[in-house]
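The structure appears right after this line, and notes come after that.
The values are calculated or read from the model by the stated rules, or taken from the named source; none is laboratory data. Note that this is a predicted model, so its numbers are computed, not measured. Counting neighbours? That spans all protein chains shown, and the Cβs are built from the backbone with ideal geometry, glycine included.
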Amino acid sequence: MSKPQVHQFDAVIVGAGGAGLMAALHASKAIKVAVISKLYPTRSHTGTAQGGISAALANMEGETDSWEWHAYDTVKGSDYLADQDAVDVLCKEAIDAVIELEHMGLPFDRFPNGKISQRRFGGHTNNETGKPVHRACHAADRTGHMILQTLYQQCIKNQVNFYDEFQVVDLIRVGNEVRGIVAVELATGAFHIFHSKAVLFATGGWGRCWEVTSNAHSLTGDGAAICLRRGVPMEDMEFFQFHPTGIYKLGILITEGVRGEGGILLNADGERFMERYAPTIKDLASRDVVSRAIYLEIARGKGINGQNYVHLDVRPKTVNYYFEKDGESRRIDDAYIEAKLPDIADFTRTYLGIDPLKEPMPIQPTAHYAMGGIPTDVDGRVLLDTQGTTLDGMYAAGEVACVSVHGANRLGTNSLVDLVVFGRRSGKHMVEYCRHASLSPLPDGAADEVMAAFDRIRTHNGNTKPHVLRQKMQKAMTANVGVFRTAELLQNAQGILAQLQQEFQDVTIDDKGKRFNTDLLEAWELGCLLDLAEVTAVSALARTESRGGHARDDYPERDDANWLQHTFCLRTADGRYELSYKPVTIGRYQPKKRVY
Amino acid sequence: MQVLLRIRRYNPELRDKPWWGEYSLDNVAPHDTVLELLHRVKWTMDGSLSLRRSCAHGVCGSDAMRINGANALACKMLVSRLAKPGQQSLKIQVEPILGLPVLKDLIVDMEPFMEHYRSVLPYFINDSPAPANGRERLQSPEDRAIFDDTTKCILCAACTTSCPSFWANDKYVGPAAIVQAHRFIFDSRDEGAAQRLEVVGDTFGVWKCRTVFNCTNACPREIEITRAIGEVKHALTTKS
């Protein structure tokens, strides 16, 4: 094995989506930063976010709004598992963060008065009336694309150092301090060490654990799995969001913005079934509530044509009918839908041959977002235990992190808020940290372990194909660790996953070369997914209640007396999982029954 | 449906010259995408086949390639669009996009493309103070609409690598870079138009465009690229 090349920086940022780029912009003003990403930055998954980024700007004529309302909606959406001090930071700083994005040139849609246009979104309400409020700032239905492009453009302007198509494969940790990372350069297969005082993981989620997902192929939880392997616990992993409206079978996301613009969910009888599940807010209830409602409708035989899907109808005729029924003066037409939801129309036309102006769209819940992840404080500092011990120099932000602002269920648009708010805070805090910290020396052979692991996969001759294992894992997770769970299902999942971990030892690939060996990297990524799937199942089995995205058929009620706490799941050196718990930080909002 | 997938392969670790790999696939559904077929080859027949892909629904811009002689995103190209109605067997040919150095199989060196992109100052420039009330700069919906089309670009390079002028001379900045310049030149909030017009008004800028419309046809985001280039030409000829 040739020796890895060593690079030195003050801080290394891994991942070039919204959180990574926001951190890079702020940190690179003061310290020497490298951004490494396994994709070209503009390929990052932030770019697929559609509907909007919420901030209580109150731009809608005749409407009021406040960050405290946004905070309450977030806490309620989280089923009271979010830490309320962190939620205050999120919602308060959202306003300023959105303005900062606009000042960077982000082309938001505009209201006639020239201000940023805002739309309704699930769970965002006027706290006095309980009715939906216009809070989601958007650029058509490609808000994430515009955020990603704008941040990347600003990084070019500010000459940020990028290492594109470098994949992180290990974290260099000595005691309670990090000293850098190990990465593979995709083009050559060469290993590199990035030696640094601080490291930020902004590596995104792991929706690829499931069969039907809105997540990109690249969302394999690399950063989270590396942390787990280096002794960092994973927080609240049982909470994974299933977005109610994925395209049937494909999982491609159909934004909640469709319902924000008036779209309606209908069952086989043509009934607007959400009226029964959420009488006040109906189709705009929180995602966990809507996903469960869809499952229950399908379970009682009300799926369309007896299949596992329902309809999402945004035809102006339907929308206007329900506007009238609800006593709203607003009416929409075809041109409005084309202007506000162009990408959605393109997706359904391309992949389904369905014109959403003429036909309803077939949808089913799709694995979408990890509420849990690497535990951090509000400055992105990574926590090693429930007592708040930090891993010095280590930061995480964005979907891979668990602050926790999303608790048991994330509110729509808050992922983008999270990226910019906590990406920015992490970037700023790294600057402070690097000013005072010195660059500790690298341990000997810092890359040896992971290089050996890669070489073993590359040269092993067995019979197990990564693709076969991946399919088995995805089926097992969808069947057993999905929208509804029971002890029996979760134990079943654990058994299958343990077996797959065994089989993974025999994984064999075709490509024995070095250059762009994506066969090898996909195999390694499968290992990450398997680890995170196991943690998810372990954490979910232990939580004997139903809360937010974690719905247990055998424990259907929320249990605040025993479970108003965060799960920390640590993997020990001998491969066992250890669970510990940390109380939720309650602020202004006492837990109460969640009704929409 | 039966598909014979013919893929232009290249791996300098194995052979000096490129070759054609042929892969026969059964039970292909009309709604399968070319990306799904490539994954079937990679996952079940030859894991060494290398390509870039990520979101798989036409947003990230990773998998632009030449499919039956025309540029497209593999994840947005359905088999049904390549077949005639009722056709039971089909040959699909896939090659890397043209005009950029091939590194391995369908992976090309994107750096020359990104260099052209960076040359047009593809970022918001406004050094005037932001509004004193701490809020957003105002922009009318009409002003916002002028450059809406060019904000959709995902930098997939399908346009630039379908352009005969770019094939003839790779110093030409190419349609994608001009689209990016357009997005800022026509943004009422931006103050960098003069600098950008200088770049795209250069010998290797917009005047290399011969309005062949290949770029517009190739764009998976349906951006009217040739029109955008025309608008930049117009701005150059009418600027004071």
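Values for this structure:
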quantity: Qualifying positions in the range A:295-349 - touching a Gly at 6+ places or on another chain (Cβ under 8 Å) and surrounded by fewer than 16 Cβ atoms within 10 Å (Cβ to Cβ); calculated: A:R330
quantity: Evaluation of A:R208 against (1) basic (K, R); (2) within 10 Å of chain B (Cβ to nearest Cβ); (3) under 28 Å from A:H368 (Cα atoms) (one fails), failing number; calculated: (2)
quantity: Criterion violated by A:H45 - all others in (1) within 14 Å of chain B (Cβ to nearest Cβ); (2) within 22 Å of A:D96 (Cβ to Cβ); (3) out of contact with any Lys or Arg (no Cβ under 6 Å at 6 or more places or on another chain); (4) touching a residue at least 24 places away in the same chain (Cβ under 8 Å) satisfied; calculated: (2)
quantity: Helices (runs of 4 or more DSSP H) within the range A:297-353 that include 2 or more residues closer than 30 Å to A:V483 by Cα, over 26 Å from the mean Cα position of the chain (by Cα) and away from chain B (no Cβ under 14 Å); calculated: A:316-325
quantity: Any hit, the range B:77-88, residues being under 23 Å from A:R515 (Cβ atoms) and not assigned by TED's automatic domain parsing to the domain that holds B:V199; calculated: no
quantity: The range A:168-198 - residue that is charged (D, E, K, R) and within 24 Å of A:T390 (Cβ to Cβ) and, of those, surrounded by the fewest Cβ atoms within 10 Å (Cβ to Cβ); calculated: A:E177
quantity: Index of the failed condition, A:G51 passing every other in (1) part of a loop (DSSP other than H, G, I, E, B); (2) at pLDDT 95 or above; calculated: (2)
quantity: Given (1) touching a residue at least 24 places away in the same chain (Cβ under 8 Å); (2) more than 14 Å from every other protein chain (Cβ to nearest Cβ), number of the condition A:G62 does not satisfy; calculated: (1)
quantity: Residue within the range B:38-58 that is under 24 Å from the mean Cα position of the chain (by Cα), away from chain A (no Cβ under 13 Å) and assigned to a helix (DSSP H, G or I) present; calculated: no
quantity: Scope the range A:51-98; condition touching a Leu at 6+ places or on another chain (Cβ under 8 Å) and surrounded by fewer than 24 Cβ atoms within 10 Å (Cβ to Cβ); matching residues; calculated: A:D65, A:Y80, A:I95
quantity: A:S2, sole failed condition from (1) touching a residue at least 40 places away in the same chain (Cβ under 8 Å); (2) farther than 30 Å from A:A452 by Cα; (3) surrounded by fewer than 23 Cβ atoms within 10 Å (Cβ to Cβ); calculated: (2)
quantity: A:S426 vs. criteria hydroxyl-bearing (S, T, Y), in a helix (DSSP H, G or I) and closer than 30 Å to A:V290 by Cα; calculated: no
quantity: Residue check, A:T220 modelled with pLDDT of 95 or more, at negative phi and within 12 Å of chain B (Cβ to nearest Cβ); calculated: yes
quantity: Residue selected from the range B:140-155 under the condition under 22 Å from B:E115 (Cα atoms) and aliphatic (A, V, I, L, M), by the criterion farthest from the other protein chains (Cβ to nearest Cβ); calculated: B:I154
quantity: Subset of the range B:156-188 (residues that are part of a helix (DSSP H, G or I) and more than 14 Å from chain A (Cβ to nearest Cβ)); calculated: B:T160, B:T161, B:S162, B:P164, B:S165, B:F166, B:W167, B:A168, B:G174, B:P175, B:I178
quantity: Hits in the range B:82-99 - residues which are of a type outside the set (A, V, I, L, M, F, W, C) and either within 19 Å of B:L49 (Cβ to Cβ) or modelled with pLDDT of 95 or more (or both); calculated: B:S89, B:K91, B:Q93, B:E95, B:P96, B:G99
quantity: Residues of the range A:352-380 satisfying the condition of being surrounded by fewer than 20 Cβ atoms within 10 Å (Cβ to Cβ) and within 28 Å of A:V319 (Cβ to Cβ); calculated: A:L352, A:G353, A:I354, A:D355, A:L357, A:K358, A:E359
quantity: Qualifying residue in the range B:18-32 (condition: touching a strand residue (DSSP E or B) at 6+ places or on another chain (Cβ under 6 Å) and in a helix (DSSP H, G or I)); calculated: no
quantity: Some residue of the range B:117-139 being surrounded by 19 or more Cβ atoms within 10 Å (Cβ to Cβ), within 10 Å of chain A (Cβ to nearest Cβ) and free of Cβ contacts under 8 Å to residues at least 24 places away in the same chain; calculated: yes
quantity: Scope the range A:575-596; condition in a strand (DSSP E or B) and of a type in the set (G, A, S); matching residues; calculated: A:S580
quantity: Counted residues, the range B:79-107 - those being exposed (fewer than 14 other Cβ atoms within 10 Å of the Cβ) and touching a residue at least 60 places away in the same chain (Cβ under 8 Å); calculated: 4
quantity: Breaking point among (1) within 21 Å of B:I223 (Cα to Cα); (2) in a loop (DSSP other than H, G, I, E, B); (3) under 14 Å from the mean Cα position of the chain (by Cα); (4) within 13 Å of chain A (Cβ to nearest Cβ), for B:F113; calculated: (2)
quantity: Within the range B:59-78, considering residues that are assigned to a loop (DSSP other than H, G, I, E, B) and at the interface with another protein chain (Cβ under 10 Å from one of its Cβ atoms), the one surrounded by the fewest Cβ atoms within 10 Å (Cβ to Cβ); calculated: B:G61
quantity: Residues satisfying the stated conditions in the range A:532-551, i.e. crowded, with 23+ Cβ neighbours inside 10 Å, assigned to a helix (DSSP H, G or I) and in contact with a strand residue (DSSP E or B) (Cβ under 8 Å, 6 or more places away or on another chain); calculated: A:L532, A:E534, A:V535, A:T536, A:V538, A:S539, A:A540
quantity: Where B:I154 falls short, out of the listed (1) surrounded by fewer than 19 Cβ atoms within 10 Å (Cβ to Cβ); (2) closer than 24 Å to A:R43 by Cβ; calculated: (1)
quantity: Which listed residue, of B:T203, B:T211, is without any contact (Cβ under 8 Å) to a residue 12 or more places away in the chain and in a loop (DSSP other than H, G, I, E, B); calculated: B:T203
